[in-house]
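Take a look at the structure below.
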Amino acid sequence: MQFKHTDFASDCLLPKRDTLWLVEPAKRWIDAFPIGNGSIGAMIFGGTDTERLALNHENLWRGVTKGRTVEPKYQYLPEIREKLLAGKWVEGAELATKHLSGHERRVQPYQPVGDLRLHFSSRADVENYGRTLDLSTAIAEVSYRAGGVTYKRETFASAADGAIITRVSADKPGAISVKIELGRVDNPECELKPWSNTNGIGFTGRFVEGIEFAVETRVYPSGGKIAAGEGANIQVSGADELLLVTAIAVDYNQPEPAKWCSEHLDKIPADFDTLKERHIAEYKPLYDRVSFNLAANEEAEKLPLDVRLDNLRKGGNDPGLFPLYFNFGRYLLLSSSRKCDQPANLQGIWNDDIRPPWDSDIHNDINVEMNYWPAEVCNLPECTEPLFNYMEQSVPEGTKITKNLYGCRGVCFCIQTDIWGRPTPEAPGWDVWTGAAAWLSEHLWWRYEYSLDEKLLKDRVYPFLKLCAEFYEDYLVKDSLGRLVTVPSQSPENYFAGGATPVSLCVGATMDFLLIREVMERCIKASEILGIDEDLRLKWHEILNGIPPFQAGKFGQLQEWLDDHEEAEPGHRHVSHLIGVYPGEQMTPETLPEMYKAARVSLERRLAAGGGHTGWSRSWVCALWARFLEGELAYEHLVCLITDFATKSLLDTHPMNNEWGYVFEIDGNFGGTAAIAELLMQSYGGTIRLLPALPSKWKTGSVKGLRAKGGFTVDISWKDGTLTEARITSDFGKPCRIICSSGALSVTSNGTELPVERDTNGGFTFPTLPDRAVVLKAGKSNGIIQ
């Protein structure tokens, strides 16, 4: 098949700036376009002879060991602690791994549903081929001309109707002839029962452990003939147009999946325009909350995405790629974590393998957290609900695990898990880590900080924080210097010289103390806001006073461990000890300037030794440089994130030194989107920072709809690298503190100048009223000279 695609732009409308556009079908799964409605998704390949929709459902996980438990092991903890406190790192780690680890791999892999394939009749050479993914409407399109006929396919995953919708059309009557089939990769552990009738095809699947699922596609041709075949296939001949509606169900929450699919499809109208209108009406208001634009290179934007990526690799100028990448991350979050049951896993909701890398699991030591870094700042708080449900669902078993492993109250989760609510240890050594629940609690706290919802604070945020605090109240022990320390401890997933490998267990990793400070300080603040638990605050203050302070090591770096261990892998991919800079806010130039500097040294050393060598790690580096107010360095690493780790369809990858090669891992996409937001606006410590780390190549642009802590919405415009106007809208009428270096500014609301109070730290504060914009405008001043 030959693809003559040079005339695509002249024959079709040039794709919009927030559209991914390629001029050949995907040859690999990771180059296809993802669509999803949170619960169900598909990868669209865009083939002309055969179109493939690789289908997924968020709840389709294997469940061989979903009833797993942990036997009491806390009786071994004193001996483990004795060894580690004595500096016997390997002996202590061996004991901890023996008694506290999960020696049988029990996380169950996330599974593909199967494939919907459309086999078209033989065609002449294809001309004017293009496939697009419009992020603003969440619709994937394929268009091409063959044999004098222009064909078009439009596909979307509708949250409004809970189905995947495809329309096939042509500009010549009777031109559509296609065999449609549903199937799944052969798997002896999954029994399939395919079927077909005069207007639909489907199959049911059943894994050996009893988990059942079903998929059904209704086929609605306009004109032509339709005939059912054997198995799950159907033939359409001579149709003018074709509508396909696909439903998927799993007995995770649908006891009779096949029946549910059939009854659900009965309720969906066989009218494409109606379905498309309802889909866009549900999706677009969420997507349109935020917009980001840069003065673009118009010639570059006329090129297909793969060419643009290649030009950027060669040093070309294409500012428009960065808003596109930013918007793609927002699109992926909406598509994998909206109105659904489960949080986005390592691949969101898209997976093609029955044994995917890391089982496409929920990884609690950076990956699932990173998935949700852009949710609040990018004005998509609804997308955090599946994460919160996952956290709360894990508490009942998590408290049992915490008691059985460590003899403690409260809750801690282990490093990785699946959807069955049992965060048990799963990987020897790696899983002796107690920080997951505390790290996840950040997201609940942020939800409060952005919304100031005291009911949420009382009902969900504070109860979870208290469970984390209870664990540390019991888990901390005194070392020989009388300091409260965590033993065993781990800095995920790193190791040091003289320690156990591939991960070292120790006394007091810095990340533990960062998390403990966050948990205790937030518990104190929440209890004060709610006016409860005054008696507990003394205990929390005692813990804050008892844990060791942060330390700078022999190179001036922030120590990753309580002892200044020699780094065995100086370029390690994880930088967990830097969470006090980002995503946290404990180390700032105002609060802990010396540790802020030391953290920067740590980052520089990591990068000098080759760190940031995975997509997600590189995106974290971008965000850290943004917090260090280094726009040029952040930009440099952002370019590497996109050019080194993005596929043709912009999906993030993780390099593997095995048969998998480069594999899809979605956290890098989400981390990259969050990092871009940090370059444009930062919100922490009671201050909003406007354009804190704007790269020089982003000379002119605007961003609208970003959310700041305290219930603020922020719009920013700039020209030649300098702010021209910002609009701050408050939900609650709270005073607003701003830091911005932009010359003279006027601060007005409804045309009236507002009183402004300057401070010695370069900030200024002004009053706000609920739902009324305050305008900061360059060129005039009512006392604000930055």
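Can you tell me how many residues within the range 303-343 are among the charged types (D, E, K, R) and in a loop (DSSP other than H, G, I, E, B)?
5
Among the residues of the range 483-505, what is the count of those that are part of a loop (DSSP other than H, G, I, E, B) and either among the charged types (D, E, K, R) or open to solvent by less than 40 Å² (accessible area, probe 1.4 Å) (or both)?
Counting residues in the range 483-505 that are part of a loop (DSSP other than H, G, I, E, B) and either among the charged types (D, E, K, R) or open to solvent by less than 40 Å² (accessible area, probe 1.4 Å) (or both) gives 14.
Go through the range 583-635 and count every residue that is acidic (Asp, Glu) and closer than 25 Å to GLY686 by Cβ.
Here the count works out to 4.
Being within 17 Å of GLY36 (Cβ to Cβ) and either touching a strand residue (DSSP E or B) at 6+ places or on another chain (Cβ under 9 Å) or of a type in the set (Phe, Trp, Tyr) (or both) is the filter here, so list the residues in the range 381-401 that pass it.
Passing the criteria: only PRO386.
Take the residues in the range 227-250 that are surrounded by fewer than 18 Cβ atoms within 10 Å (Cβ to Cβ) and charged (D, E, K, R); name whichever of them is nearest to GLU58 (Cα to Cα).
Selected residue: GLU230.
For the list (1) surrounded by fewer than 24 Cβ atoms within 10 Å (Cβ to Cβ); (2) more than 24 Å from SER441 (Cβ to Cβ), I need the number of the one condition that MET595 fails.
The one condition MET595 does not meet is (2).
Determine whether ILE366 is surrounded by 21 or more Cβ atoms within 10 Å (Cβ to Cβ), touching a residue at least 60 places away in the same chain (Cβ under 8 Å) and among the β-branched types (Val, Ile, Thr).
yes
Any residue in the range 94-112 that is open to solvent by 10 Å² or more (accessible area, probe 1.4 Å), small (Gly, Ala, Ser) and free of Cβ contacts under 8 Å to residues at least 40 places away in the same chain?
No, there is no match, as no residue in the range 94-112 is open to solvent by 10 Å² or more (accessible area, probe 1.4 Å), small (Gly, Ala, Ser) and free of Cβ contacts under 8 Å to residues at least 40 places away in the same chain.
Just wondering, is there one or more residues in the range 115-130 that are open to solvent by less than 10 Å² (accessible area, probe 1.4 Å), in contact with a Leu (Cβ under 6 Å, 6 or more places away or on another chain) and either assigned to a strand (DSSP E or B) or not β-branched (Val, Ile, Thr) (or both)?
Yes, there is a match, as at least one residue in the range 115-130 is open to solvent by less than 10 Å² (accessible area, probe 1.4 Å), in contact with a Leu (Cβ under 6 Å, 6 or more places away or on another chain) and either assigned to a strand (DSSP E or B) or not β-branched (Val, Ile, Thr) (or both).
Would you check if there is a residue in the range 59-80 being modelled with pLDDT of 95 or more, in contact with an Asp or Glu (Cβ under 6 Å, 6 or more places away or on another chain) and aliphatic (A, V, I, L, M)?
no
So, of the residues in the range 255-279 that are in a loop (DSSP other than H, G, I, E, B) and open to solvent by 90 Å² or more (accessible area, probe 1.4 Å), which turns out to be farthest from THR166 (Cα to Cα)?
Among residues in the range 255-279 that are in a loop (DSSP other than H, G, I, E, B) and open to solvent by 90 Å² or more (accessible area, probe 1.4 Å), the one farthest from THR166 (Cα to Cα) is PRO255.
I want to confirm something. Restricting to the range 702-711 and keeping residues that are open to solvent by less than 10 Å² (accessible area, probe 1.4 Å) and either among the acidic types (Asp, Glu) or out of contact with any Lys or Arg (no Cβ under 8 Å at 6 or more places or on another chain) (or both), which single residue is nearest to GLY631 (Cα to Cα)?
VAL703
Consider the range 547-566. How many of its residues are closer than 20 Å to ALA438 by Cα and loosely packed, with under 14 Cβ neighbours inside 10 Å?
Of the residues in that region, 1 qualify.
Please list, ordered by first then second residue, the pairs with beta carbon atoms under 6 Å, 6 or more apart or interchain, first in the range 380-396 and over 11 Å from CYS340 (Cα atoms), second among the small types (Gly, Ala, Ser).
Listed by first residue and then by second, the contacts come to GLN393/GLY421; SER394/GLY421.
What are the residues in the range 186-211 that are acidic (Asp, Glu) and part of a loop (DSSP other than H, G, I, E, B), if any? Reasoning before the result, please.
Going residue by residue through the range 186-211, those that are acidic (Asp, Glu) are 186, 189, 191, 209.
ASP186, GLU189, GLU209 - these are the residues of the range 186-211 that are acidic (Asp, Glu) and part of a loop (DSSP other than H, G, I, E, B).
Suppose we filter the range 506-526 for residues that are in a loop (DSSP other than H, G, I, E, B) and either of a type outside the set (A, V, I, L, M) or within 26 Å of the chain's Cα centre (by Cα) (or both); how many remain?
1
Determine, yes or no, whether PHE645 is closer than 24 Å to ARG131 by Cα, open to solvent by 10 Å² or more (accessible area, probe 1.4 Å) and hydrophobic (A, V, I, L, M, F, W, C).
Taking the combined requirement at face value, the residue satisfies it.
For the subset of the range 191-226 comprising residues that are touching a strand residue (DSSP E or B) at 6+ places or on another chain (Cβ under 9 Å) and of a type in the set (Asp, Glu), which member is surrounded by the most Cβ atoms within 10 Å (Cβ to Cβ)?
Result: GLU216.
Only one of (1) touching a residue at least 24 places away in the same chain (Cβ under 8 Å); (2) under 26 Å from the mean Cα position of the chain (by Cα) is not met by GLU604, so which one is it?
(1)
Please count how many residues of the range 153-183 are in a strand (DSSP E or B) and within 28 Å of PHE203 (Cβ to Cβ).
21
Have a look at ASP459, ASP431, ASP474 and point out the one that is over 21 Å from the mean Cα position of the chain (by Cα), among the acidic types (Asp, Glu) and buried (at least 19 other Cβ atoms within 10 Å of the Cβ).
ASP431
From the list CYS414, CYS408, CYS383, which one is of a type outside the set (Lys, Arg), modelled with pLDDT under 95 and crowded, with 20+ Cβ neighbours inside 10 Å? Give the steps one after another, and end with the answer.
Working: CYS408 fails: modelled with pLDDT under 95; CYS383 fails: modelled with pLDDT under 95.
None of the other options fit; the residue is CYS414.
Table: residues versus (1) assigned to a loop (DSSP other than H, G, I, E, B); (2) farther than 30 Å from LEU332 by Cβ.
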residue: PHE670; (1), (2): no, no
residue: VAL703; (1), (2): no, no
residue: LEU706; (1), (2): no, no
residue: TRP718; (1), (2): no, no
residue: THR724; (1), (2): no, yes
residue: GLY733; (1), (2): yes, yes
residue: THR760; (1), (2): yes, yes
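Identify, from the list THR729, THR768, the residue that is assigned to a strand (DSSP E or B), open to solvent by 10 Å² or more (accessible area, probe 1.4 Å), of a type outside the set (Asp, Glu) and more than 30 Å from VAL621 (Cβ to Cβ).
Answer to the selection: THR729.
Rundown of residues vs (1) crowded, with 19+ Cβ neighbours inside 10 Å; (2) touching a helix residue (DSSP H, G or I) at 6+ places or on another chain (Cβ under 6 Å); (3) within 15 Å of LEU116 (Cβ to Cβ), yes/no style:
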residue	(1), (2), (3)
LEU20	yes, yes, no
PRO25	yes, no, no
ALA42	yes, no, yes
GLY47	yes, no, yes
ARG62	yes, no, no
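For the range 131-157, what are the residues that are open to solvent by less than 10 Å² (accessible area, probe 1.4 Å), among the small types (Gly, Ala, Ser) and over 25 Å from ASP353 (Cα atoms)?
SER136, ALA146
Only residues that are free of Cβ contacts under 8 Å to residues at least 40 places away in the same chain and of a type in the set (Ser, Thr, Tyr): list them for the range 222-240, please.
Hit for the range 222-240 is SER222, nothing else.
Show the residue pairs meeting these rules: Cβ distance below 7 Å; 6+ apart or different chains; first residue within the range 566-593 and touching a residue at least 24 places away in the same chain (Cβ under 8 Å); second residue among the acidic types (Asp, Glu) and part of a loop (DSSP other than H, G, I, E, B).
As it stands, the answer is HIS574/GLU493; HIS577/GLU560, since those pairs meet every condition given.
The values are calculated or read from the model by the stated rules, or taken from the named source; none is laboratory data. Bear in mind that the values here come from a model prediction, so they are computed numbers and not experimental data. Cβ sites come from the backbone with ideal geometry, for glycine too, and all protein chains shown count toward neighbours. Surface areas here come from the heavy atoms of the whole protein model, side chains and all, with no ligands, DNA or RNA. Shrake-Rupley method; radii C 1.70, N 1.55, O 1.52, S 1.80 Å.
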